[in-house]
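Notes follow the structure.
The values are calculated or read from the model by the stated rules, or taken from the named source; none is laboratory data. None of these values were measured; they are calculated from a predicted model. Only protein heavy atoms, including side chains, enter the accessible area calculation; ligands, DNA and RNA are left aside. Shrake-Rupley method; radii C 1.70, N 1.55, O 1.52, S 1.80 Å.
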Amino acid sequence: MVSPFDQQVPEFEMFDEFFVHATLELPNLDSNKSIIISSMNDPIIPFKYSQKVAEKLQIPFILFPTGAHFRASDGMVKFPEILTYIQSYWAN
């Protein structure tokens, strides 16, 4: 998951109905095959929000120093660090 959240995000109240007032349940989530990524410079979702979701779901959290919101418009087109992590994580 990329920059998930389950609390109010300033200036994005339109998401409240879907993400804030709903129960955080993902019954088909395989915690052994899941990760959450976020970046310290995400201009939309503060990384602490995503870190809390990772803690609640008990899955690994990876924080990148840069990457913004991981959109192509942020210059993020390829993710070799994430691919490397996934390959090593799932291999074990």
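Its residue count N sets the reference 2.2 N^0.38 Å, and the alpha-carbon radius of gyration of the chain equals 1.11 times that reference. Only protein atoms count toward the accessible area here, which uses a 1.4 Å probe; on the chain, the carbon and sulfur part of that area reaches 56 percent. The phi-based Karplus calculation (6.51 cos²θ - 1.76 cosθ + 1.60; θ = phi - 60°) puts the 3J(HN,Hα) values of segment 64-76 at 9, x, 9, x, 6, 9, 6, 9, 4, 5, 8, x, 9 Hz, whole numbers, x for Gly and Pro. Given their separation in residues at 0.36 nm each and the Cα-Cα distance between them, Leu29 and Val77 gain 14.7 nm when the chain is fully extended. If the cut-off is a Cα-Cα distance under 18 Å, which lysines reach Lys56, setting aside same-chain residues fewer than 8 apart in sequence? Reachable lysines: Lys33, Lys48.
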